[in-house]
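Taking it in order: structure first as structure tokens, then the write-up.
The values are calculated or read from the model by the stated rules, or taken from the named source; none is laboratory data. Just so it is clear, the model here is predicted, and its values are computed rather than measured. Counting neighbours? That spans all protein chains shown, and the Cβs are built from the backbone with ideal geometry, glycine included. Accessible surface areas use protein heavy atoms only, side chains included; no ligands, DNA or RNA. Shrake-Rupley method; radii C 1.70, N 1.55, O 1.52, S 1.80 Å.
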Amino acid sequence: MSTKDEVTSLIPPALAPIVRRRSLLMGSVAATLAAPAIVQAQGDWPKGPMKFIVPFPPGGSTDPVARLVQARITETTGWQIVVENKPGAAGMVGAAIAAKAPPDGQTWLVAFDSHILIAPFAGASMPYKDADLLNVMLVGRAPLAIACPLDRPYKNFADAIADARQRPGKPSVGVLTASQALLLITHLQKENDFDVNAIFYKGGAPTVQDLLAGVTDIALTTLAALDPHIRSGKIRALATTGETRTPMLPDTPTLREQGIKGYPTYSWWGIYAPAGTPRPIVERMNAEIAQALRSPEVASRLSAQIGVEILATSPEAFVEFQKVEQERWSRIIRENGIKAD
């Protein structure tokens, strides 16, 4: 598969022409790095233990991505890789540490989709520039999910929208601040002419805790956060946000199936390196991570735990995917005057 085809397959149809135009301007790019052959990196690398920086605490969805990949690469190569959790400021602290690290292939950032929202939300206060980090790989993606307590009358999200139209501003929706969920619920309200009371949370755990307690009527957050409680029968799934149904919730219709207008939206995980990291090292690490992700053990565990669809893209495909995502969500932030807090 060419990089152009690889990128287009990850992008919603309405946005695909943007990527195709960019690809024509870029000219030919390197073939995808997820090929069976492992390229040779610089002979003296790695120089001792490497770091996988996770800019969030243990317990979320990014930490298991880093640890499962780290364990598999160590098993197959013998390399020593230490996972370091550096939480703070919605991922900005850990990202800044990675951005400022020497570009010698010893430091890698394992980031969540909120990484690309830091710049539009933080603005001039951001302690690094996007250009300080080099795209290495789009690891995978998973749709967001929408759920409600069992005592609410909604059977699907279309029911919740109908209620919000009858009682504008009354139904409450829990979302993370400075997140895709916040931006998506803002976009959905405008596109579908309804009004909810958005309740902002600093973390996934309190978002789900308040939903379980019935404090909020609905939560829009990651599939990984909601799925265990949906499976245990404590809450009811109303919708998922991808283009098609997710295997984790095969009986739950997508927003699109319910006739709700909006962008197909996914959580995603990516690998970055400090800008200036030598290309041969980036290629070698990309290939090793791809091999780890495609191993049956890692792929099955990531799918079961957090619903990840493995993508394992080339750096070029990740760059193009990120550009489209940043343009889409930055536009929604600007048009709606959304603030992080």
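Summary table
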{"item": "Every pair of residues 6+ apart whose Cβ atoms lie under 6 Å, when the first sits in region 57-79 and is at pLDDT 95 or above while the second is acidic (Asp, Glu)", "result": "Ile73/Glu288"}
{"item": "Check on Ala275, over 23 Å from Leu182 (Cβ atoms) and at pLDDT 95 or above", "result": "yes"}
{"item": "Any chance Arg141 is modelled with pLDDT of 95 or more and open to solvent by 30 Å² or more (accessible area, probe 1.4 Å)", "result": "no"}
{"item": "Where a residue in region 255-276 is buried (at least 23 other Cβ atoms within 10 Å of the Cβ) and its partner, wherever it lies, is modelled with pLDDT under 95 and β-branched (Val, Ile, Thr), with Cβ under 7 Å and at least six apart", "result": "Ser267/Thr222; Trp269/Thr62"}
{"item": "Residues located in region 103-122, provided they are aliphatic (A, V, I, L, M) and either on the phi > 0 side of the Ramachandran plot or in a helix (DSSP H, G or I) (or both)", "result": "Ile116, Leu117, Ile118, Ala119, Ala122"}
{"item": "Test set (1) closer than 23 Å to Ala71 by Cα; (2) modelled with pLDDT of 95 or more; (3) crowded, with 18+ Cβ neighbours inside 10 Å - Ile306 fails condition number", "result": "(2)"}
{"item": "Selection from region 289-303 of residues that are open to solvent by 10 Å² or more (accessible area, probe 1.4 Å) and in contact (Cβ under 8 Å) with a residue 60 or more places away in the chain", "result": "Gln291, Arg294, Glu297, Arg301"}
{"item": "Of all residues in region 215-257 being outside any loop (DSSP other than H, G, I, E, B) and charged (D, E, K, R), the one that is nearest to Ala142 (Cα to Cα)", "result": "Asp227"}
{"item": "Pair list, Cβ under 7 Å, 6 or more apart: region 99-124 residue hydroxyl-bearing (Ser, Thr, Tyr), other residue part of a loop (DSSP other than H, G, I, E, B) and crowded, with 21+ Cβ neighbours inside 10 Å", "result": "Ser114/Ala178; Ser114/Ser179"}
{"item": "Answer residue from region 155-204, given it is assigned to a loop (DSSP other than H, G, I, E, B) and of a type in the set (Ser, Thr, Tyr) and is surrounded by the most Cβ atoms within 10 Å (Cβ to Cβ) among those", "result": "Ser179"}
{"item": "Hits in region 123-154 (condition: more than 27 Å from the chain's Cα centre (by Cα) and either basic (Lys, Arg) or in a strand (DSSP E or B) (or both))", "result": "Arg152"}
{"item": "Residue satisfying all of: in region 231-252; in contact with a Ser or Thr (Cβ under 8 Å, 6 or more places away or on another chain) and open to solvent by 30 Å² or more (accessible area, probe 1.4 Å); farthest from Ile161 (Cα to Cα) among these", "result": "Pro247"}
{"item": "Filter result for Val29 (over 22 Å from Val308 (Cα atoms), in contact with an Asp or Glu (Cβ under 7 Å, 6 or more places away or on another chain) and either in a helix (DSSP H, G or I) or modelled with pLDDT under 80 (or both))", "result": "yes"}
{"item": "Residue in region 91-107 that is modelled with the lowest pLDDT, counting only those that are open to solvent by 60 Å² or more (accessible area, probe 1.4 Å) and of a type in the set (A, V, I, L, M, F, W, C)", "result": "Val93"}
{"item": "Total residues in region 50-89, condition of a type in the set (S, T, N, Q), assigned to a loop (DSSP other than H, G, I, E, B) and open to solvent by 50 Å² or more (accessible area, probe 1.4 Å)", "result": "1"}
{"item": "Filter pass, Thr207 being open to solvent by less than 10 Å² (accessible area, probe 1.4 Å), under 17 Å from the mean Cα position of the chain (by Cα), under 19 Å from Ala160 (Cβ atoms) and touching a residue at least 24 places away in the same chain (Cβ under 8 Å)", "result": "no"}
